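No lab work stands behind these numbers, since they all come straight from the coordinates. Predicted, not measured: the structure shown is a model, and the values here were computed from it. No Cβ is skipped: glycine too gets one built from the backbone with ideal geometry, and neighbour counts run over all protein chains shown.
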Amino acid sequence: MYFFGNPQVSKADRLLLFFSYIMKLMLVKRLRDDQVKALKGGDKPRLEILRYILAQIHNKEIEKKGLLLDEDTVAVLKKIAKELNESIEAFQKGERPDLALSNQKQLEIVGEYLPKELSDDELKKEVDKLISKNKDLFDKNPKALIGICVKELGSSADPSRIMKILSSSYETS
């Protein structure tokens, strides 16, 4: 944040930037606060997954060489959720319902910190808006719209759901 030491930026603008930066770190603070609550409350399963999440966030901060903003933290949480989903499927195929149930509980805890996803109808409307906005590109090459849709809607829906809706749009056009 070079703006903080830049004398050309007004003090009010620096304060505004500082507070917006702090607000983007709120998810990590919430995770740490919940970790302390779980530790004090003796909630061992919640404490284990929160420690794992915070360790993954810390590893990403080291990799990035700086603090993670909420968008980056959400990306880490989505990666953890994806790993848990894959583990649940593997444990169900391997007929290990005990481990599948344990991972399902962990996935529910991770889900508490992820932003709410759009419903299928809302997602379809948003994809249709993007298709109409980029109609000429869609007419030439429908698959070129994949990157645009995932970039625009990636934070509010799983990319696999976006792909499914886009593929149904290809077939209907």
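Would you mind getting me the FRET efficiency between GLU61 and LYS93? Use the beta-carbon distance for r and R0 = 25 Å, nearest 0.05.
Efficiency, rounded to the nearest 0.05: 0.10.
When all C-alpha to C-alpha distances in the chain are sorted into bins of 10 Å, what percent of pairs does each bin hold, rounded to whole numbers?
9, 26, 27, 25, 12, 2, 0
Where does the chain land at 222 nm, in deg cm²/dmol rounded to the nearest 500, when only DSSP H runs of n ≥ 4 count, each adding -39500 (n - 2.57), divided by all residues?
One gets -25000 deg cm²/dmol as the mean residue ellipticity at 222 nm.
Around LEU50, under 15 Å between beta carbons, what's the net of Lys plus Arg minus Asp minus Glu among the other residues?
+3
Describe numerically, in nm with one decimal, the distance between label points set 7 Å from Cα along Cα→Cβ at ARG30 and at SER119.
Once both label points are built, they end up 2.2 nm from each other.
Placing unit charges on C-beta atoms (Lys and Arg positive, Asp and Glu negative, everything else neutral), compute the dipole magnitude of segment 59-106 about its Cα centre in debye, rounded to 20.
So the dipole magnitude of segment 59-106 works out to roughly 40 debye.
In a Gaussian network model over the chain where Cα atoms closer than 10 Å are linked, find which of LEU77, LEU101, LEU68 has the largest mean-square fluctuation.
LEU101
Could you work out how much longer the chain between LYS40 and LYS164 gets when fully extended? Use 0.36 nm per residue separation minus the Cα distance between them, nm to one decimal.
40.3 nm
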